[in-house]
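Below is one structure, written out as structure tokens; the observations come after it.
Each reported figure results from applying straightforward, stated rules to the coordinates on display, with no laboratory input. Keep in mind it's a predicted model, so treat the numbers as computed, not measured. Cβ sites come from the backbone with ideal geometry, for glycine too, and all protein chains shown count toward neighbours.
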Amino acid sequence: MASKNETGFMPPRRLRVLAFDPGTGNKFLNRSIREVTITIPWEFDPSDPNSAFWGPRGEYVEVIDYDPASGAFYEPIDLNEKSVLLNEGVAPSEEDPRFHQQMVYAVAMETIAIFEQALGRRVLWAPRWEKTGQRNWQDTYVQRLRIYPHALREANAFYDPRKKALLFGYFTAGPESRAAPPGTTVFTCLSHDIVVHETVHAILDGMHPRFAEASTPDMLALHEAFADIVAMFQQFSHPQVLEDQIARTRGDLDQQSLLGELAQEFGEAIGRGGALRSALGRMDGDTWVPTPPDVLALTKAKGPHARGAVLVAAVFRAFLTIYKSRTSDLFRIASGGSGILRDGAIDPDLVKRLAKEAAMSANHVLQICIRAMDYVPPVAVTFGDYLRAIITADHDLFPDDEKGYRRAFIEAFTAWGIRPAGMPVVTEAALLWPSLAEAAADAGYKEAHAIPFQAKLNDMVYWAARPSEAIETLARNELIPQSSVDGLHADMERVRQAFLETMNRRADRSDGEPANGSTEAGFNINLLEMDLNVDRKFIYEVRKLYSHLFWAILSRWPDNMLELMGMAVGSFPQRTFTQSRITGKPTIDVYSVRIARRAGKRGQHEDEYVVELIQSRDGYRDPEVQEMIDRDGKPQLTFDAEKRAYLDADGNAVVDYDPEQHDRTRDGMTWPRETIDDPAYHRDFRYRAGCTLLIDARTFTIRRLIRTPFRADDDRGLDQMRKHLSNSARHAMNAFDGPDGVGDPNKAFAVMHRNIGKY
């Protein structure tokens, strides 16, 4: 049994995993890089510090090795067993389910650690939503992501948002397989790329649950591309793999290499002849054909996979530019000034130096791509928005850009036709998201008018630092209704209980008694600042509390300030908004309040709050129906049993009676299954708009105001989404290919196309 040393400190756990996948690693040429050993944080079972893992099971994930196709449970690996500890896990094996469990656990945990380093906060999974009434939903905390290594007997793997689980499949290699021998079994859980890719989907869903909605052509493509980008650059953190590929390409990463390809075995096993993804080119028979940048690529790309590949290629092109810039002096020294190396193998010392520069370049690109996800609008994101996010995120942390990294991104993205819509000149200054003062000036406000806006934000300095006192102030001065005050008190009680649970566990109490100390007086400290020092459930409850507290502040803001932030306010004819019963205005959801901690070049900490505001509106495919309901609201309907139809106020039938839809009887009438709430004119989609505020944690000034291009009451944005949904075609999906553009977000990553050989 593993135990702590005398200081109470546990060294990190080291586990062996496959560097790529069996089909790639088993090739003779790749035998030296078949496996790598990765380091992950040590975890005991949180429920019992003295027990072994079961599955394994830790703070973030739990592996459940159930195979539904055969009805079998596989014996879980005990990562704390002495022989396992001494040998850095069980030996890599395609036949041993225990290694499959070890593989998915270790790679998922490594991916989580990379995100926490980049974001400066703990990773949380998307909550589970449960219906508590006809129109009420309750979110519940999800502590662990479940991972099923053998969930599907098919050529696929995906993240399931409803189950909060990663489901990996296995299948038989076909007769055209060029990786695994035909007739043998291919396990997707043994592909390093696929495990990272699916873990990233789950992490991104926790950050931005609305990104699974196909509100723009780029939304699902961004999900796919971002998962590919992390999977690709995570390979650069393995020194032996990097040095091997540097030596083979003689330092020229423009050439074909394993570093620019994803899911080699998967792509070859289903007969594609090469990797499922390649950021550099493709195989034409046995010939490698590099892919040159194409400024029109996005206009020709159809579906999430094709569009996402363009973004991946742009990011990889930026990396290559940065890598070449960092290594140009090494090539000049090694070549006697010409920059052209002599024929033959390059010097091992040069390999190590080039690998070091490649690793540093890849890490910087990966970190900035992850940080950029805090700098995007909360909904309806485009690739152009993501470019702005990348540039702004790097600028705010490293203003000087001495090595020209941002210029490399701008050139690479524009070479692939990625640019913000309506931006006449694509420069670094133009790409930066505006501050509050800049946005106010652009909207025509003079500096004197912008000052009251900031004064409203200054309330947060007091309220955020003293949340318990803030709630009492709201109640005493009747600034918000009593029901909202009661909700804040309930939030604070959940925070208190989560804090006590944290203290009890840390005290290793086994008798269930509360830990010493009392929180009855409430918390009058900035709870958001405790993000890295407490349990994740506590963080989850704190974020909910601050979201509701921020809403209370928001409800006191003037309309012109809300409009500046991209919110729809006031009276207008659209009846497709949900009206707040408290403010009488269209509802504003404070979707998230979280902290981001980052270290700059000089080691300085740049802490900021990321606040996301979203408004939603019912959308209809038929513009005439949209116009009617915007103007008059949904018609009042009655059911005529004799006519077997729903009738409007004029007695006209609007929905035919369908006995096959019987599912529920209410007040003597039968309601169709799909339209219980709205028997007719049920919305076709939800149109959302909003903004992300980046607020300095010290001064509470709005550093960046990141808005969707249209407000929720602007029909131009709704028309664009309607057009996109109408034009969306269904596309094939597997472990990497995204879903159709119009489906249920809960099925956004599931298998929709079973005949894998046709795409």
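As a quick test, which of the pairs 27/324; 163/544; 164/302; 163/302; 163/585; 82/163 have an alpha carbon distance above 32 angstrom in this structure?
163/585; 82/163
Using all C-alpha to C-alpha distances in region 74-149, build P(r) with 5 Å bins and read off the rounded percent in each one.
For region 74-149, the pair-distance distribution reads 3, 12, 16, 17, 14, 14, 11, 7, 4, 2, 1, 0.
Taking the Cα atoms of region 388-431, what is the range of coordinates along each of the three principal axes, in descending order and whole Å?
26, 16, 14
Using bins 5 angstrom wide from zero, how does P(r) for region 361-413 break down, in % of all Cα pairs?
Computed distribution, short to long bins: 4, 20, 32, 28, 11, 4, 1.
Take peptides 144-154, 119-129, 422-432 and line them up by average Cβ neighbours within 10 Å, highest first, as a rough protection proxy.
Working: 144-154: 22.1, 119-129: 18.7, 422-432: 12.5.
The packing order, highest mean first, is 144-154, 119-129, 422-432.
Pop out the ³J(HN,Hα) list for region 337-344 in order, Karplus 6.51 cos²θ - 1.76 cosθ + 1.60 with θ = phi - 60°, rounded to Hz; leave Gly and Pro as x.
x, 7, x, 10, 6, 5, 5, x
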